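So the structure is just underneath, and the comments pick up after that.
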């Protein structure tokens, strides 16, 4: 048996996984805890690591048709010739999973590095990383466009 990626309809990852598990297929639906800026507030949410994708381990000759026609499945990646997912990728995801959530080590930022703000009221603005604040979840940025300093969640910042 090999691992395959299955492309699902939006928000159907858990439903498809439940159905496939029900027929004895091993399924991996990696999830991640992240923060989102909604309605003027920061909120922690759990979402799929790969939206619209799940991984399933099955015998392609025996289960291809069943998987393909499972409610919520769009197709098996590779369609007529399903593409095997390297087991090292699956093992890496499983290794980084703690209590059902994938833990991703945040990238280290260096003073003076250019970053882009990806959430919140300053979404899309470029800034200069100043320093990591206590708790390692917040950072201080210099926002050149309005000549100001911003203290914000580190998860809302990405390297350029």
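Things worth noting here:
- Filter pass, residue 27 being within 18 Å of the chain's Cα centre (by Cα) and touching a residue at least 60 places away in the same chain (Cβ under 8 Å): no
- Filter result for residue 119 (touching a helix residue (DSSP H, G or I) at 6+ places or on another chain (Cβ under 8 Å) and in a loop (DSSP other than H, G, I, E, B)): yes
- Scanning segment 93-121 for residues that are touching a residue at least 60 places away in the same chain (Cβ under 8 Å) and farther than 22 Å from residue 35 by Cβ yields a total of 1.
- Top-ranked residue in segment 1-40 [being loosely packed, with under 13 Cβ neighbours inside 10 Å and in a loop (DSSP other than H, G, I, E, B); ranked as modelled with the lowest pLDDT]: 40
- Restricting segment 41-62 to residues that are farther than 17 Å from residue 82 by Cβ and in a strand (DSSP E or B), the residue that is nearest to the chain's Cα centre (by Cα) is 48.
- For residue 90, the criteria (1) touching a strand residue (DSSP E or B) at 6+ places or on another chain (Cβ under 8 Å); (2) surrounded by 11 or more Cβ atoms within 10 Å (Cβ to Cβ); (3) within 25 Å of residue 36 (Cα to Cα) hold in every case but one, which is (3).
The values are calculated or read from the model by the stated rules, or taken from the named source; none is laboratory data. What you see is a predicted model; the values in this text were computed from it and never measured. Cβ sites come from the backbone with ideal geometry, for glycine too, and all protein chains shown count toward neighbours.
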